[in-house]
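The structure under discussion appears below in the form of structure tokens.
Nothing in this text is a laboratory measurement; each read-out follows from the coordinates by a stated rule. Because the structure is a prediction, the values reported are computed rather than measured. Please note: Cβ atoms are built from the backbone with ideal geometry, for glycine as well, and neighbour counts cover all protein chains shown.
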Number of protein chains: 2
Amino acid sequence: MDLVIGIDIGGTKTKIGLVNSDGKCLEKTFFRTREYPDLNDYLDRVAKTSNELLAKYDGAHVLGCGIGAPNASSKNGTIENASNLLWKGSVPILSELQKRLDMPMRIMNDASAAALGEMLFGSAKNIKDFIAITLGTGFGAGIVANGQLIDGYDGFAGELGHVDMTIGDGRLTGLGVKGGLEAYVSATGLKRTIMYMLSKYMIDSRFKNVAYNDLHGEDITQAAEEGDEIALKAFDYTAKIMAQALANFTAFTQPEAFILMGGLVNSGKWILEPLESYFNEFLLDVYKGKVKIMQTGMEGKTAAICGAAALIWEGQKS
Amino acid sequence: MDLVIGIDIGGTKTKIGLVNSDGKCLEKTFFRTREYPDLNDYLDRVAKTSNELLAKYDGAHVLGCGIGAPNASSKNGTIENASNLLWKGSVPILSELQKRLDMPMRIMNDASAAALGEMLFGSAKNIKDFIAITLGTGFGAGIVANGQLIDGYDGFAGELGHVDMTIGDGRLTGLGVKGGLEAYVSATGLKRTIMYMLSKYMIDSRFKNVAYNDLHGEDITQAAEEGDEIALKAFDYTAKIMAQALANFTAFTQPEAFILMGGLVNSGKWILEPLESYFNEFLLDVYKGKVKIMQTGMEGKTAAICGAAALIWEGQKS
């Protein structure tokens, strides 16, 4: 059996799994990224964990290892200035990991990897123009036009989380961008919006008893289910800014669809219903009725791993 | 000799010329678009003028006619809801013109045509990722990534003039988009900004004696040369918003270059120097030093005609 190692390096978790040619994740595990502030320790752990997974599939043939990471450059094999990771500057992750795992290896921006995954295994099998959006700790985008992933001159296309939505008068992102989109539209952005709503309204809310660092996305969804007005206002506010951003992005490449994945999407109708409604309101007439908002066609918990694995499977299938 | 008819349909002028395989415009003329509110009269005039130009090149072989127009869909052969043109709704311009001029014909968004022109004849002969920006009555963009023009699902990619820069609290564009980019960054936007600066500052300026409809871009450049502070403030303001927009666009496809053309570029250093300076300030660190701002490599007065002609020459050369 042929297998690919898929690694998703996230701000919170590093997920590693084994993915077959159907895009099915046969085995997976994770550890907390921040427990390894030293890059060498981190890569040792990645290699060790990968080998442990492989040991369970004794007869398998490993085709290679695909890695998705924030701010990764596919052309340089690096992660550069990622605001949600501890390693600073330009990190030569591909060459360093290859010393520990000797096999074909590719790295790509996590959202671009997700877009490849959607094309190979998910919702975009028949779509030539779309944008995959990952809503985790940050906001990532993988852009496909004319059936091709857009890399950009230097491998850094799709950094839409740092697009300024406010002409210099808004929240700071982790990269210090004022008014940057991901300061609003991401799991972290939603938490910040809960704080904002507590500053703005004198309404009873369960969040008056919760510290920022104890706040989790699932709690906000749960609160919305229970009718907590601060939670409902936070979802509406997040959806409105996201809808404006997606309407703007539509004017760029006119995608047939946006495909959403990541933690914030797990909030379901609380984010998706106002998003759909504001999006149709903000869209230019020329685009109205032509742009779908879809959810990932990959299994939620393993989508990022399968996307990373798609970097290797892509070459095998073509 | 092989020739192509290039037609640029602008909000103010319709320019028609004959272009050879080197991208040289051998013969050209224009008339005012708004003098023909009836589409049939307009198309009759286009056909008549084209035939008059061709009559001067008796032995020439005409390969076809390329048309650049705002809000044109290459896939549908139409112009749809163009805010700077008098004909409303969806205009089937290609099929109607073909009844009058029987030859191969293509239409495309004017800025996309300009981008093709830059690839064939201008500044982008060796550039695979760039964005061509036309700064005339409106703001247009032609996006090239991986060496391919991005059309979008339905032919309407690159409508960046209607990107909202202010989260719903700014000037209205001709399409009614609040805070839309072209309401600020275009020849029209610059005129509106002169009005804004007159509202904001009590400074002596030649523009206190000029009505909006009598204001022309060349006068604003001339005033800047003479040190008129309202003109200088207007250029600075326009350049700052444009720089923010280009910095945002960089995060989208990471172009190697922006290639600028159109009336506003004729203001030269008054717009380009503050633009360059703000752009380098606003650009994310990961992009700094990697994105060039260039001017069209086509001759200014005929660039739009040559871009339109490139639609036909492209097929001949490949």
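So here's what we get for this one:
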{"item": "Cubic angstrom per residue, convex hull over Cα atoms of region B:96-169", "result": "155"}
{"item": "Length added when fully stretched, A:ASN209-A:LYS75, from 0.36 nm per residue minus Cα-Cα", "result": "43.6 nm"}
{"item": "Convex hull volume of region A:20-121 per residue (C-alpha atoms, cubic angstrom)", "result": "107"}
{"item": "Three semi-axes of the equivalent ellipsoid, chain A, Cα gyration tensor, whole Å, largest first", "result": "32, 23, 18"}
{"item": "Distant-in-sequence amide H partners of A:THR78 (H built 1.01 Å from N, under 5 Å)", "result": "A:SER73"}
{"item": "Restricting region B:37-135 to trypsin sites (Lys or Arg not before Pro) in coil, as DSSP defines it, with at most 11 other Cβ within 10 Å", "result": "B:LYS56, B:LYS88, B:LYS99, B:LYS125"}
{"item": "Contact order relative to length of chain A, as percent, for alpha carbon pairs under 8 angstrom and 6 or more apart", "result": "21"}
{"item": "Net charge of neighbours whose Cβ lies under 11 Å from the Cβ of B:LYS290, counting Lys and Arg as +1 and Asp and Glu as -1", "result": "-2"}
{"item": "Shielding of A:252-260 by partner chains, average beta-carbon count, 10 Å", "result": "5"}
{"item": "Rg(Cα)/(2.2 N^0.38 Å) for the protein assembly as shown, N = residue count", "result": "1.02"}
{"item": "Signed unit charges on C-beta, dipole axis of chain A, positive-most listed residue A:LEU198, A:SER112, A:ALA72", "result": "A:ALA72"}
{"item": "In sequence order, calculated HN-Hα J values of region A:258-265 (Karplus, 6.51, -1.76, 1.60; Hz; x Gly/Pro)", "result": "9, 10, 9, 8, x, x, 4, 5"}
{"item": "Helix-only mean residue ellipticity at 222 nm for the protein assembly as shown, each DSSP H run of n ≥ 4 adding -39500 (n - 2.57), per residue, nearest 500", "result": "-11500 deg cm²/dmol"}
{"item": "Nearest-first distances (nm) between copies at A:GLY289, label 7 Å from Cα via Cβ", "result": "5.1"}
{"item": "Equivalent ellipsoid semi-axes, region B:209-311, via Cα gyration tensor eigenvalues times 5, rooted, Å", "result": "26, 21, 10"}
{"item": "Residue with peak Gaussian network fluctuation, chain A [Cα springs, cutoff 10 Å], from A:MET298, A:MET261, A:MET202", "result": "A:MET202"}
{"item": "In range of the label at B:ASN51: residues from region B:80-110 whose backbone nitrogen is under 11 Å from the point 7 Å along Cα→Cβ", "result": "B:100-102"}
{"item": "Rh (Kirkwood; distinct C-alpha pairs) - region B:125-295, Å", "result": "16.5"}
{"item": "Karplus-derived 3J(HN,Hα), 6.51/-1.76/1.60, for each residue of region B:79-84, Hz, glycine and proline x", "result": "10, 10, 6, 6, 6, 9"}
{"item": "Förster radius 25 Å - calculated FRET efficiency between A:MET103 and B:ASN146 (Cβ-Cβ, nearest 0.05)", "result": "0.35"}
{"item": "Long-range amide H partners of A:GLY262 with built H, under 5 Å", "result": "A:LEU135"}
{"item": "Per DSSP, loop trypsin sites (Lys or Arg not before Pro) in region B:247-318 with at most 13 further Cβ within 10 Å", "result": "B:LYS288"}
{"item": "Two-site label geometry, B:TRP87 and B:LYS128: point separation in nm, points 7 Å out along Cα→Cβ", "result": "3.9"}
{"item": "Neighbour net charge for B:SER205 - beta-carbon separation under 13 angstrom, K R +1, D E -1", "result": "-1"}
{"item": "Within 10 Å of each Cβ in B:279-285, the average number of Cβ atoms from other chains", "result": "3"}
